[in-house]
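Where a number appears in this text, it was derived from the coordinates with a stated rule and is not lab data. Predicted model only: the values in this text are computed from it and were never measured. Methodologically, a virtual Cβ is constructed for each residue, glycine included, from the backbone with ideal geometry; neighbour enumeration extends over all protein chains shown.
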Amino acid sequence: MPSSLKLEKISKRFEIEYVLKDFNLDIAEGEFVAILGPSGCGKTTLLRIICGLEEPTIGKVFLDNHDITNDEPKERNIALVFQNYALYPHKSVYDNLSLNLKFSGCSKDVIQTKVNFIAKMLNIERLLDRRPKSLSGGENQRVALGRAIIRNPKIFLFDEPLSNLDADLRIKMREELRSLHKELNTTMVYVTHDQIEAMSLGQKIVILKSGVIQQVGTPESIYNEPANRFVAEFIGYPKMNFFSPQIQDGKMFIGGQIVDYPSTISIPKVDFQLGIRPRDIHISDGSISLEINSFDYQGNSWLINCNIGDHKIVLQTTHSEHDQENINIDFNWDKVFFFDKNDGTLIKQ
């Protein structure tokens, strides 16, 4: 049966600097949670606190409602899969998989049965006699996964496990992780700085900045209603466009041009920034005129890089406009965001 995890008011300080601040999170049984944020935001430190390799400065960790904050790592039965695989290079794949079982006192027959079962699950049966240095990155990652699975842990923790793989293999391994999560019916916490990994794997995403939670939600809710500018800029490719419009006599100006907007739009009373994703800008006979700088072909669409006054703007379209130097556009105002210019929080309409 999968386990639940609760992190209550977790803070971690190294010397005078806090790398985690008042971190609170409930993870349900069997949930796949992605922790997303830039390098240095506290993601790995959080995993180390969960599995017992670091002690929190403040706060508690609960596993199945039991306080495990002061338990030793070996008492927690939590598996951590590292970015660099952390396999024993001088041991065979079979020995790497079986080592924890040997330490647990399992018989040779039990060990062989479990190793063969895991090897078949991960399609590494033919690799059992080989050593890690003779394997590809993807094969090593499968062995590292197998070593974690064979322990039958209560929770799996993943510390950027796919970052050393090439793009095609990352896609394949993401699909395998999704299948494993479904097959094992277990709780998984996955740390990454890659928004695509987080969006494709996480049932719930936690976005971190400088050790502080910015937003928790499903991939859809975070994409469609970001809590602040940081989240809006971090989630989504191509990145969201941001402008600081001027409002004069009820009219909106960007780059010196008047921007028509529907009467249903309520312009914020505070200083604000306007955000809109490239896919929500449409070529039309609208009021905004853009000077085209360059095109980026994306296979099923084009990114058009433009100027509006001194502002840079990117729009995404299925139509190319190679024969034009200027285009006119409209915003999809149902998809426009307003952010407080001072603290970056979303201003809800």
Inset, instruction - Would you mind checking region 2-33 for residues with the amide N under 13 Å from a putative spin-label position 7 Å along Cα→C-beta of HIS66? - result: 3-4
Inset, instruction - Amide H neighbours of TRP302 under 5 Å, at least 5 residues apart or on other chains, H built in the peptide plane: list them. - result: THR317, THR318, HIS319
Inset, instruction - Note down the nm distance, to one decimal, between modelled labels 7 Å out along Cα→Cβ at MET1 and at SER287. - result: 6.2
Inset, instruction - Identify, among LEU274, ASN77, ASN140, the residue whose Cα sits farthest towards the positive end of the charge dipole of the chain, taking +1 on the Cβ of Lys and Arg and -1 on the Cβ of Asp and Glu, with the dipole about the Cα centre. - result: ASN77
Legend entry - From phi via Karplus (6.51, -1.76, 1.60), per-residue ³J(HN,Hα) for region 150-165 in Hz, x at Gly/Pro: 5, 6, 6, x, 6, 9, 9, 10, 10, 9, 6, x, 10, 5, 8, 9
Legend entry - Radius 10 Å from Cβ of LYS21, net charge of other residues (Lys, Arg +1; Asp, Glu -1): +2
Inset, instruction - Mind giving me the nanometre distance, one decimal, between the label points for PHE117 and ASN224, set 7 Å out from Cα along Cα→Cβ? - result: 4.1
Legend entry - Potential extension, ASN307-ASP340 segment - 0.36 nm per residue separation minus Cα distance: 9.5 nm
Legend entry - Added length on full extension, which subtracts the Cα-Cα distance from 0.36 nm per residue, ASN326 to ILE258: 22.8 nm
Legend entry - Difference of contour (0.36 nm per residue) and Cα-Cα distance, GLU233 to GLN203: 8.7 nm
Inset, instruction - Rank by packing, highest mean first: peptides 130-140, 264-274, with packing defined as the count of other Cβ atoms within 10 Å averaged across residues. - result: 130-140, 264-274
Legend entry - Listed residue pairs exceeding 29 Å between alpha carbons, taken from LYS21/LYS348; LYS114/LYS172; LYS91/LYS209: LYS91/LYS209
Legend entry - Cα pair distances in the chain, grouped into 20 Å bins until the bin that holds the longest one, percent each: 26, 46, 24, 4, 0
Legend entry - Rough spin-label spacing in nm, given labels placed 7 Å along Cα→Cβ, for ILE347 and LYS182: 4.4
Legend entry - Listed peptides 197-206, 74-83, 253-262 by packing density, highest first (mean Cβ within 10 Å): 197-206, 74-83, 253-262
